[in-house]
1. Cβ contacts < 8 Å: first residue within 9 Å of another protein chain (Cβ to nearest Cβ) and in contact (Cβ under 8 Å) with a residue 12 or more places away in the chain, restricted to the range A:116-130; second residue of a type in the set (Phe, Trp, Tyr) and surrounded by fewer than 21 Cβ atoms within 10 Å (Cβ to Cβ), any location; separation 6+ or different chain. Result?
2. Please specify each residue of the range A:173-204 satisfying the condition of being among the acidic types (Asp, Glu) and within 14 Å of another protein chain (Cβ to nearest Cβ).
3. In the list A:VAL205, A:VAL227, which residue meets the criterion of being among the aliphatic types (A, V, I, L, M) and part of a loop (DSSP other than H, G, I, E, B)?
4. Restricting to the range B:130-147, count the residues that are exposed (fewer than 14 other Cβ atoms within 10 Å of the Cβ) and either within 14 Å of B:TYR94 (Cβ to Cβ) or not assigned by TED's automatic domain parsing to the domain that holds B:LEU79 (or both).
5. Starting from residues that are of a type in the set (A, V, I, L, M) and in contact with a Pro (Cβ under 9 Å, 6 or more places away or on another chain), keep the ones in the range B:70-111 and report whichever is modelled with the highest pLDDT.
6. Within the range B:120-142, can one find any residue that is over 39 Å from the mean Cα position of the chain (by Cα), outside any loop (DSSP other than H, G, I, E, B) and free of Cβ contacts under 8 Å to residues at least 24 places away in the same chain?
7. Residues of the range A:174-186 being polar (S, T, N, Q) and modelled with pLDDT under 90, which ones?
8. Before we move on, is B:SER173 of a type in the set (S, T, N, Q), exposed (fewer than 15 other Cβ atoms within 10 Å of the Cβ) and over 16 Å from B:ARG400 (Cα atoms)?
Amino acid sequence: MTFLEGQAERQGIAIGASGDTRVRSASPAAHPATVATSEETPIKMTARKLSVFYGEKQALFDVSLDIPDRQIMAFIGPSGCGKSTFLRSLNRMNDTIAGCTMTGEVMVDGINIYDRVVDVVELRRRIGMVFQKPNPFPKSIYDNVAYGPRIHGLASSKEELDEIVQTCLARTGLLDEVSTRLHEPGTSLSGGQQQRLCIARAIAVSPDIILMDEPCSALDPIATARVEELMQELQKNYTIVIVTHNMQQAARVSQRTAFFHLGTLVEWGMTEQIFTSPVDDRTQGYITGRYG
Amino acid sequence: MSSLDQSLKVSGPGAAPDDAAAQRDRRSRRRKTANLRFKLYGLAAIVFAVGMLATLVVSLIMTGYPAFTQTMVRLDIELPASEIDAAAPSDANYGKFFRDALYGLFPEVKSPPQRRNIARLVTQDAEYMLRDTVVAYPSMIGKTHSIEFTASDILNQLHIGAIDRELPSDRRSISDAQIAWYDKLVAQGRIRAVFNTALFTEADSRHPEIAGLWGAITGSFYALMVCFILSFPMGIAAAVYLEEFAPKNRWTDLIEININNLAAVPSIVFGLLGLAVFLNFFGLPRSAPLVGGMVLALMTLPTIIIAGRAAIKAVPPSIRDAALGVGASAQQVAWHHTLPLAMPGILTGTIIGLAQALGETAPLLLIGMNAFITQQPGGILEPATALPTQIYIWADSPERGFVSRTSAAILVLLGFLVLMNGVAVWMRKRFERRW
């Protein structure tokens, strides 16, 4: 929290003593297709009129969305609908793509992450990411998890680092499976284990938010179930945003769901409402399998 | 299989079954012969290429192998203590001791011109070799020693059979009298062929029998060191910048095209540049490995940059994403992930670039590394030759002994090239990583 507070002070934004800024969602009138949220949840991230362009081509059109704190929000929609683009713009991974530009703003705890004073490296530490294909570093299991804490100086001694690695592996349920071979390469694990290793690596730098880009699409059903279980567990401490092609998965794990179509945010709200009584016809069509 | 057979038997529409089958047969036969022909073309090309290579290597070995042996003449040298001042042993008249011993073997020869012909059987540097030996071991003074001297080129050629003694004497470089003296020396057991270590330990000389490659090897080594020290860090820095940091715009496109073109610039152009800039403008020493290395670095740089960029590009983007995702900076991504993973490829490219530089002659000629230098260089600022320029000098020398030495020097150069490429292949295998 201290980092963004510092950024906030520089921006002249007052932050409450608790450090927990609540950004109210915009009134439903601003978002015609929004299902009003009945209960009051603190909001972690807010996107306002976010448009993303790849060169000349616009991939995302004026998306405005609130992401609740310590819940799981799922983005669903057919391929090429802009949900991954939106996810990647939440921790500025789109910066690394040549020719990618954006307009609008993304607020995290009341700070616009695209503001010039924001340090993108620190931002990505705060907002971790898990990718579609498990991508462990070609290093040992231990080094995979220890890499983030090392570069951010989160551990002052070898023991402390060991402690972080053990805790993170334990939280992803991987510790029992790999405790005897911590120094074997991370790439020697099975696909599901690799993905959990990547999640362990993401939580090792103690982020607030974890973005997951179709984390189970390369996994078998058993590994998928294991990762979903893990997400439910992590939700207690982290805000999780997951992009998924699998509507059952969205329905199973998320509290909120947003439906994207052709670069626009069609509808978002409580997951039950989206899946049982969607407002928009396109949502209805997608979740009932008419297209997708 | 049965369904396949069935389908093969199905006849085409409107054709009698037998006719269609015959047609299919013909077509399949044609296809098979075409296949075979195609395979044979490839095989022929390979046989041709390997044959040419084999011809080259075999002819080099045939011409070069005599240079690996050297004929020695054993003489009994008397070193009288009365004539050598033990305090300053280098001042004594070693030419006299040597000549006394040599002429003493042929007491019947009295006339000075004839005696000079005798002296021509042993290398002209013999008295200096004797002096250096005595200076190194002063305890030799006052005794008679049996010492082996390097035979002269003509005696060497005669001994290894390169001179046909049946030829009329005006068509060979050794006279009848000299052959007779040689036969006498052989009869006395004073002639022996040994492995030619001087080829590897001595620097250049006007006399083929004592000319060696060590000066050129050290010169090449220094030049390659300079080349590596300059081009490796610069090449990596350029490759990393172009791949990881540079925006993709018209300027970087232009730079890329120019780097690719630089790799194809004739090497003599780099030599001219070195001459104009390094020697004439900056006034660096002529013939020095420093300048040679700088010119070779200019040539190697594009190779390293191109290989480095290819190796960096081959690192999967998912690794970069993963590192960026945990909050690594661009510089940390490059140092911790991209470069270590790309390093085997970069090193392979570098070694191949250096091997190219090792064989490069033209630019070195222009900056004077083809000078006649009889001492091995003591540092990168001293005049030196390099292996390819040494070959060039020797190939130009008229003495018979240099013919085989040229081939031997080419074999040595090829040996170094094969070694370097072998290291590159080994490293690629050793550090190859799969994702």
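1. Final answer for the pair search is A:GLU122/A:PHE3; A:ARG126/A:PHE3.
2. Correct list: empty.
3. Step by step, each of A:VAL205, A:VAL227 is checked, and only A:VAL205 is among the aliphatic types (A, V, I, L, M) and part of a loop (DSSP other than H, G, I, E, B).
4. Number satisfying all stated conditions: 4.
5. B:ILE84
6. Checked the range B:120-142: at least one residue is over 39 Å from the mean Cα position of the chain (by Cα), outside any loop (DSSP other than H, G, I, E, B) and free of Cβ contacts under 8 Å to residues at least 24 places away in the same chain.
7. First, the residues of the range A:174-186 that are polar (S, T, N, Q): A:179-180.
Residue satisfying the conditions is A:SER179 alone.
8. no
The values are calculated or read from the model by the stated rules, or taken from the named source; none is laboratory data. Predicted model only: the values in this text are computed from it and were never measured. Reconstructed Cβ throughout: ideal geometry from the backbone, glycine too, with neighbour counts over all protein chains shown.
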